[in-house]
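Structure record follows, encoded as structure tokens.
The values are calculated or read from the model by the stated rules, or taken from the named source; none is laboratory data. The structure presented is a predicted model; accordingly, all values stated were derived computationally and were not measured. So basically every Cβ, Gly included, is an ideal-geometry build from the backbone, and we count neighbours across all protein chains shown.
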Ligand SMILES: C[S@@+](CC[C@H](N)C(=O)[O-])C[C@H]1O[C@@H](n2cnc3c(N)ncnc32)[C@H](O)[C@@H]1O
Ligand SMILES: [Zn+2]
């Protein structure tokens, strides 16, 4: 798979599910993220195909943090960022698009995958013959949740001054308390946030604690997170579902999820999936969900409870 030249664009991108505005910032996937990604269907390693990439050197201080978390064997891991490309699974003969610099790891058809296919038809035919997009059936209600939260986040403007009614400092203090960081040090640790939303908490936490953080979300919140925090070299973004997490089990020192699992058809099934992701030795999982009464308030949850 060949590397093509770097381009920059400020086009507005319309997805059927929701409209995402790509403004004047460059969207990138750091190549280093690949070491933790696997095919969400079979857990096979993925092959990276680069369509558009860019060289960008991290600051020395960030380089040292990344080196302490996982040794940098090849400088390209941290110096070559991917704007557009594919992650291919040889076992499934399936590929996952990298679009707007974000790996799109949902296992059912999406508009963003279609757009990627249209925009890169020639490249895909030349370099990836015999590979298809994933065609699984989405979990119950998931496409509606994707649509609703995407609309909410895409309309949200991060001002840096407040997060809903909280200041970034208050958000950080809450998160430190929730994760018990007064007795557990996550400096130079690998952390996963499940349901990252717009990414304000993840950005602040990774910078304050000098940890490397992967943020996963079902919806186009990831594009907003990329827009606002894409320049943070300690933060990675992935679009994926808790029902098919694209990570090797036992990869993370800390996995946390706040206000997410109860939005699925089955909190229990979602919890079972992410419970596999922390490291076996000293890994930590933190989950915050609505109370039973709160979740009864949503129609999807009433159906979900009945199904469980
Ligand atoms: C209420 S928001 C919480 C966001 C963030 N954790 C916070 O505390 O501000 C719920 C988030 O969960 C995401 N989400 C819902 N279902 C999901 C799923 N199946 N997999 C991954 N993320 C999901 C939504 O897209 C949304 O961004
Ligand atoms: Zn596979």
Residue pairs meeting the criteria (Cβ under 9 Å; at least 6 apart or on separate chains; first over 23 Å from residue 66 (Cβ atoms) and in the same structural domain as residue 264 (by TED's automatic domain parsing), in the stretch 213-224; second modelled with pLDDT of 95 or more and within 16 Å of ligand 2 (Cβ to nearest atom)): 218/106; 218/240; 218/241
Looking at the stretch 256-283 only, could you name the residues that are within 14 Å of ligand 1 (Cβ to nearest atom) and under 22 Å from residue 46 (Cα atoms)? 273, 274, 277
Taking the stretch 147-164 and keeping residues more than 18 Å from the chain's Cα centre (by Cα) and over 17 Å from residue 202 (Cα atoms) leaves 155
Result of the Cβ filter at 7 Å on the stretch 47-71, keeping first residues that are more than 24 Å from residue 122 (Cβ to Cβ) and partners that are part of a strand (DSSP E or B) and at pLDDT 95 or above, at least 6 apart or interchain, is 66/212; 69/190; 69/212
Out of 195, 200, 141, sole residue that is surrounded by 21 or more Cβ atoms within 10 Å (Cβ to Cβ), under 21 Å from the mean Cα position of the chain (by Cα) and at positive phi: 195
Output the residues belonging to the stretch 205-262 that are within 22 Å of residue 139 (Cα to Cα), outside any helix (DSSP H, G or I) and out of contact with any strand residue (DSSP E or B) (no Cβ under 8 Å at 6 or more places or on another chain). 241, 243, 244, 249
For the stretch 263-294, the count of residues that are more than 20 Å from residue 144 (Cα to Cα), touching a residue at least 24 places away in the same chain (Cβ under 8 Å) and outside any strand (DSSP E or B) equals 8
For residue 131, all conditions in the list (1) over 19 Å from residue 105 (Cα atoms); (2) touching a strand residue (DSSP E or B) at 6+ places or on another chain (Cβ under 7 Å) hold save one; what is the number of the exception? (1)
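Please pick out the residue among 121, 183, 136 that is under 20 Å from the mean Cα position of the chain (by Cα), more than 13 Å from ligand 1 (Cβ to nearest atom) and either modelled with pLDDT under 95 or farther than 29 Å from residue 231 by Cβ (or both). Don't jump to the end; show me each part of the working.
Numbers: 121 fails: under 20 Å from the mean Cα position of the chain (by Cα); 183 fails: under 20 Å from the mean Cα position of the chain (by Cα).
Result: 136 is the single residue among 121, 183, 136 that is under 20 Å from the mean Cα position of the chain (by Cα), more than 13 Å from ligand 1 (Cβ to nearest atom) and either modelled with pLDDT under 95 or farther than 29 Å from residue 231 by Cβ (or both).
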